[in-house]
1. Enumerate the pairs (first residue in region 310-330 and over 18 Å from TYR239 (Cα atoms); second residue anywhere and open to solvent by 20 Å² or more (accessible area, probe 1.4 Å) and among the aromatic types (Phe, Trp, Tyr)) with beta-carbon separation below 9 Å, excluding pairs fewer than 6 apart on the same chain, so at least 6 apart or on different chains.
2. Just one of the numbered conditions (1) open to solvent by 40 Å² or more (accessible area, probe 1.4 Å); (2) under 27 Å from GLY220 (Cα atoms) is not true of ASN187; which one?
3. Filter region 128-137 down to residues that are open to solvent by 30 Å² or more (accessible area, probe 1.4 Å) and near ligand 2 (Cβ under 9 Å from one of its atoms) and give me whichever is farthest from the chain's Cα centre (by Cα).
4. Quick one: which of LEU123, LEU161 is more than 12 Å from ligand 2 (Cβ to nearest atom) and open to solvent by less than 30 Å² (accessible area, probe 1.4 Å)?
5. Which of the residues spanning region 139-149 are more than 16 Å from ligand 1 (Cβ to nearest atom), under 25 Å from the mean Cα position of the chain (by Cα) and either of a type in the set (Val, Ile, Thr) or within 22 Å of MET46 (Cβ to Cβ) (or both)?
6. List every residue pair whose Cβ atoms sit under 8 Å apart, with the two residues 6 or more apart in sequence or on different chains, where the first one lies in region 282-299 and is modelled with pLDDT of 95 or more and the second, anywhere, is open to solvent by 40 Å² or more (accessible area, probe 1.4 Å) and assigned to a loop (DSSP other than H, G, I, E, B).
7. I'm trying to understand the selection: among the residues of region 186-203, which are of a type in the set (Asp, Glu) and more than 15 Å from ligand 1 (Cβ to nearest atom)?
8. Give the residue that is most open to solvent (accessible area, probe 1.4 Å), with candidates limited to residues of region 72-105 that are within 24 Å of LEU328 (Cα to Cα) and more than 14 Å from ligand 1 (Cβ to nearest atom).
Amino acid sequence: MRAFALDRAGSSVEALGLGGASVSADAHVRSPVQYLAGGTTLFDLMKLQVMHPERLVDISGLRAEHGRIADLEDGLWLGALVRMSEAESNPSVARDYPAIRDALWQAASPQLRNMATLGGNVLQRTRCNYFRDISYHACNKRDPGTGCAAMEGCNRRLAVLGTSTACIANYPGDFAIALVALGAEVNLLSVDGRERVLPFEDLHRLPGETPHIETNLARGDLITGFTVPAGAWTRRSRYVKVRDRASYDFALASAAVALDLDGDTVRAVRIGLGGIAAKPWRAHQAEAMLVGRRLDEASARDAAEIALAGAVPHGEAAFKIELGRRTLVRALLETRTMELPA
Ligand code: FAD
Ligand code: SF4
């Protein structure tokens with residue numbers, strides 16, 4: 001790992017002053033200055049020399065400002081510096097937003113979840129082998145314009161939805177899939193001290209011709225937290241994750257589902273898909289088709305066909321199209337019959 005300078009911020013204003021102006025918008029990858037939260041993604045990528053910031057601004061001391069979980073009148077507030085393990089074991093999260101709890105406890109390992117923060121989690125990077133191994137030259141995400149080694153290479157774990165001719169990497173995280181399904185918002189603090197709110201669905205970008213630009217964050221933006229709106233569907237929500245190793249692995253395919261039912265008929269439904277897409281994916285068309293229909297195996301399968309209709313197979317990843325459909329069918333049917341927390 002290359003040498004770097006470390007500054008510890010005592011407040012958000014200090015963090016923005018120390019780092020903000022130099023944290024470039026595309027570069028939760030390439031910028032010379034990076035915010036440091038739990039460090040579980042950042043230090044990995046620095047050791048691999050994929051990222052080589054000259055300076056880190058440690059924001060882990062800002063927990064008094066951004067480390068809170070709170071019940072709001074109309075939803076839930078999750079601070080960006082809340083640790084994954086804290087959110088997963090919070091009683092309000094477990095009772096009222098079980099899809100979030102499910103997504104968190106199935107992610108990484110207990111040790112990692114004790115270090116990792118929610119803000120850092122949503123900004124984790126793809127696990128594409130060629131991105132993480134700098135001995136491979138061709139990676140448009142790491143080095144724009146060099147090509148994509150995965151296109152004809154080892155691509156079994158990569159995306160089938162939202163890919164481009166420049167990059168077929170998948171978004172690997174779990175928590176973000178629950179957030180996108182539940183229509184969360186992400187709260188930001190800009191370098192000029194302005195507070196901004198983005199729909200979580202708009203935080204990540206599709207790769208298009210610029211896969212190295214992964215988010216719609218502006219230069220220096222600090223994520224302060226997430227607001228999850230309460231709805232008639234949030235309590236009946238689940239996250240189903242399918243992976244090679246059930247004990248500990250990234251998703252091959254996952255689905256977050258939230259349902260409001262009138263008997264067996266769907267009043268409202270929210271669907272997020274993970275593991276198979278270039279960014280946290282909301283399946284709006286499948287949701288629209290289900291409203292007013294009886295939820296059974298046939299309608300769940302119809303929804304899954306619609307959700308994966310735009311999927312493009314690449315090499316070894318082609319199996320993920322059917323796996324994605326089956327994961328969604330299972331998530332819909334399990335959510336229909338789940339016991340609601342008391
Ligand atoms: P950091 O490493 O500190 O930061 C990550 C990035 O976000 C950095 O670029 C940093 O500058 C930026 N950043 C952090 N906080 C902020 C903020 N508030 N505002 C602006 N920018 C910010 N995740 C899953 O979802 N599922 C898994 O199954 C899974 N398995 C894993 C297995 C292993 C072995 C490892 C190492 C990780 C795994 N992860 C998994 C990823 C893990 O959850 C993330 O590494 C972690 O959540 C990142 O959080 P952090 O606080 O450590 O972020
Ligand atoms: Fe790089 Fe994306 Fe291709 Fe992987 S899929 S090698 S991250 S450009």
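The values are calculated or read from the model by the stated rules, or taken from the named source; none is laboratory data. The model shown is predicted, which means the values in this text are computed figures rather than measured ones. Reconstructed Cβ throughout: ideal geometry from the backbone, glycine too, with neighbour counts over all protein chains shown. Just the protein is used for accessible areas: all its heavy atoms, side chains included, with ligands, DNA and RNA removed. Shrake-Rupley method; radii C 1.70, N 1.55, O 1.52, S 1.80 Å.
1. Every condition considered, the pairs that remain are PRO313/PHE319.
2. (1)
3. Ranking the qualifying residues of region 128-137, first place goes to TYR136.
4. Only one candidate passes the filter, namely LEU161.
5. CYS139, ASN140, ASP143, PRO144, ALA149 - these are the residues of region 139-149 that are more than 16 Å from ligand 1 (Cβ to nearest atom), under 25 Å from the mean Cα position of the chain (by Cα) and either of a type in the set (Val, Ile, Thr) or within 22 Å of MET46 (Cβ to Cβ) (or both).
6. Final answer for the pair search is GLN285/ALA309; ARG294/ASP264; LEU295/ASP264; ASP296/ASP264; SER299/ARG293.
7. ASP192, GLU201, ASP202
8. Among those residues, the one meeting the criterion is ARG95.
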